[in-house]
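Below: the structure, in C-alpha cells.
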Amino acid sequence: MRTSRFRAALVTAAAAALLTVAGATTAAAAPTAANPTAANPIGQDPVFQPAADTPVTALVTKLTHSQATSRLRAAGISWTSSGGCSDRNQPTCTSFDQVNLPTIQGAETLKRASGCALTITGGTETGHASGTYSHWNGYKLDYRLSGCLDSYVKNTFTSIGGSKWRSGSGNVYYLEGNHWDVTYYNCGGC
C-alpha cells in the first residue's frame with residue numbers, strides 16, 4: 001500500500017515537473033476550443049499555456065547546408081541542382097540551409113527502410129509553394145523518381161487519394177508528376 005502511494009506521489013510530481021516549461025504553466029481543467037471558459041473565451045491549448053509576456057516559438061532544430069549534406073552523404077543519399085548551386089535564395093539551386101533535423105532524419109529513414117538509391121532535387125530554396133509545412137520552412141524534400149522508390153511508396157504506405165500516400169508515421173508522399181514531394185512532420189521512426 002505504501003509503495004502504491006509513493007508511486008502515485010512520484011508520478012504526480014514527475015508529471016508536474018514535466019508540464020512546467022520555461023515560464024509555461026498548465027491548468028488541470030484548462031479550456032479547449034470545444035469548451036471555452038469566461039477566462040479563456042477562445043479556448044486555447046489545454047496543455048500548454050504560455051505566460052502572457054513569453055513569446056512562443058516551435059522548438060525545431062535547424063541545420064546548416066553543410067550539416068545537412070554531411071548527414072546525407074554519410075547515409076548514401078545524393079542531391080542535384082539544376083543550377084549547380086546551393087544558394088537558398090536562388091530557385092535553380094538545391095539548398096538545405098534551415099532544413100529541419102527531422103526532415104533529414106526522415107530522408108535517412110527512407111533510405112534505410114526502402115534500400116533505394118535516393119536523389120534529392122529540392123530542399124529549402126525559394127521557388128516552392130509557401131505555407132507552414134513548406135520547403136522554405138524546412139519540412140519538405142523533393143526526390144527524383146525511380147522505379148524502386150515508386151514501388152516502395154506505393155506498396156508500403158497508405159493511399160490517401162490525389163496521388164498522395166501517408167507513411168505509418170504520418171509523413172506524406174505526393175507524386176507531383178516528375179518528382180516525389182515529401183512532407184516530413186517527423187523523422188519517420190528514426
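Computed over protein heavy atoms with a 1.4 Å probe, the carbon and sulfur contribution to the accessible area of the range 82-190 reaches 45%. When T61, T103 are compared by accessible area of protein heavy atoms, the largest-first order is T61, T103, using a 1.4 Å probe.
Taking each residue as 0.36 nm, the span from N186 to S114 lengthens on full extension beyond its C-alpha to C-alpha distance by 24.2 nm. Sites listed here are GluC sites (Glu not before Pro) in the range 96-190 whose DSSP assignment is loop and whose Cβ has at most 14 other Cβ atoms within 10 Å: E176.
Within the full protein context, the accessible area of R71 is estimated at about 80 Å² for a probe radius of 1.4 Å. The eigenvalues of the Cα gyration tensor, multiplied by 5 and square-rooted, give the range 58-178 an equivalent ellipsoid with semi-axes of 22, 16, 15 Å from largest to smallest.
The values are calculated or read from the model by the stated rules, or taken from the named source; none is laboratory data. Computed from a predicted structure; not experimentally measured. Cβ coordinates were reconstructed from backbone atoms using ideal geometry, including for glycine residues, and neighbour counts include every protein chain displayed. The protein model used for the area step is the full one, side chains on, heavy atoms only, and it has no ligands, DNA or RNA in it. Shrake-Rupley method; radii C 1.70, N 1.55, O 1.52, S 1.80 Å.
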